[in-house]
1. Roughly how many Å is it from the Cα centre of the range 247-275 to that of the range 2-21, as a whole number?
2. Where does the charge balance sit around Glu91 when Lys and Arg score +1, Asp and Glu -1, over other residues with C-beta under 14 Å from its C-beta?
3. Quick query: amide H of His99 versus all other amide H atoms, modeled in the peptide plane; which residues come in under 5 Å with a sequence gap of 5 or more or a different chain?
4. Through the Karplus equation 6.51 cos²θ - 1.76 cosθ + 1.60, θ set to phi - 60°, convert the phi angles of the range 259-266 into ³J(HN,Hα) values in whole Hz; use x for Gly and Pro.
5. Report the label-to-label distance for Asn177 and Thr103 in nanometres (one decimal), using points 7 Å from each Cα along the Cα→Cβ vector.
6. Within 10 Å of each candidate Cβ there may be at most 13 other Cβ atoms; applying that plus a DSSP loop requirement, which GluC sites (Glu not before Pro) in the range 205-266 survive?
7. Nearest 0.05, what FRET efficiency do Arg19 and Ala262 give at R0 = 25 Å with Cβ-Cβ as r?
8. What's the carbon and sulfur percent of the range 257-319's accessible surface, probe 1.4 angstrom, rounded to a whole number?
Amino acid sequence: MPDWLLYTGSRRPHDGIDRLPPPPPWRAFDGEPVLPFPSGPSGNEHQATTYRPSDDAVQQVNAALYLRRPLLVTGPPGTGKSTLAYAVAHELGLGSVLHWPITSRTTLRDGLYQYDPMTRLYAAGRAETPGRADASAEEDIGRYIRLGPLGTALLPYGRPRVLLVDEIDKSDIDLPNDLLTIFEKGEYELPELTRRADPSADVMTADGPGSRVTVTAGTVRCRAFPLVVMTSNGEREFPPAFLRRCVTVELRQPSGEAELSAIVREHLGPLADQSDDLVRRFFERATSGTLATDQLLNAVYLCRHADTEDRGALADRIMPYLSEPIDDD
């Protein structure tokens, strides 16, 4: 294993991230004050500890870490695009993965922060009710602002957080370009704070209830650029300006029965015994349409517990094609 690799795909936690060198001058950020890094599991420990990355994926993850660039991960369904983020966070001890699922209605602000003016207005009205205590607690604007996954990832941590931007190809056409400015500047503004005489507040983060940080001067600026893992099923093309600022990797389906059998055994252990017939059936069916590896895992598990003589028929019902079968003609 080359010495320069921080993430090795070993699935064993280690402190390799401490060997990350300073960023290139054009990717250096100086957010202050440095926040304590949140500890804890990645959030999907089974997937993280059973994932088997390709050599290409390992190389590109490290390139993204060194260059402080987002990682765009493409490939068919079931190849482990999302799981890669959890595997990296688990091995390098980078805490819980911040998950931002994308739909056609998602906007940049959804990822940065949410502001709840209606609840604040209601609280202000209650504070003005005669006989109530003073309204100082109700004036805490930070109670009505919650940072999103992207906004939390850009806080000035001393180590990079892992942000999973899931299925970015489903986004509105403008979102990739909107992200460019954020990724280049490594900072964003909260106008609800900057318009105040005191533009500082303790706001909630995406790390869960009770997690709050102080935002000063109404601006969040990162220190360690996060490892941004963006997944795409290839449903659209991205603009060149977006692609040239990303490190890209394409994940592929397992290339042979031995590789797929090893994946099944990683996930199911002894339950994978005597599953060669189902692995072979999966490969035979995959020549006629799109299948995903997790369908095979479901089929192996169910066939191991189901009392049926026709394992193949049961497996076929659990492994329907994800696209139209290929016409032999």
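1. Value for the Cα centre distance between the two parts: 23 Å.
2. For residues surrounding Glu91, the net value is +2.
3. Leu164
4. 5, 5, 4, 5, 5, 4, 5, 4
5. Going by the 7 Å Cα→Cβ label model, 2.4 nm.
6. Those that pass, being in a loop and sparsely packed, are Glu235, Glu237.
7. 0.30
8. C and S fraction of accessible area: 46 percent.
The values are calculated or read from the model by the stated rules, or taken from the named source; none is laboratory data. Just so it is clear, the model here is predicted, and its values are computed rather than measured. Heads up, the Cβs are rebuilt from the backbone with ideal geometry, glycines too, and the neighbour counts pull from every protein chain shown. SASA here: full protein model, heavy atoms, side chains in, ligands and nucleic acids out. Shrake-Rupley method; radii C 1.70, N 1.55, O 1.52, S 1.80 Å.
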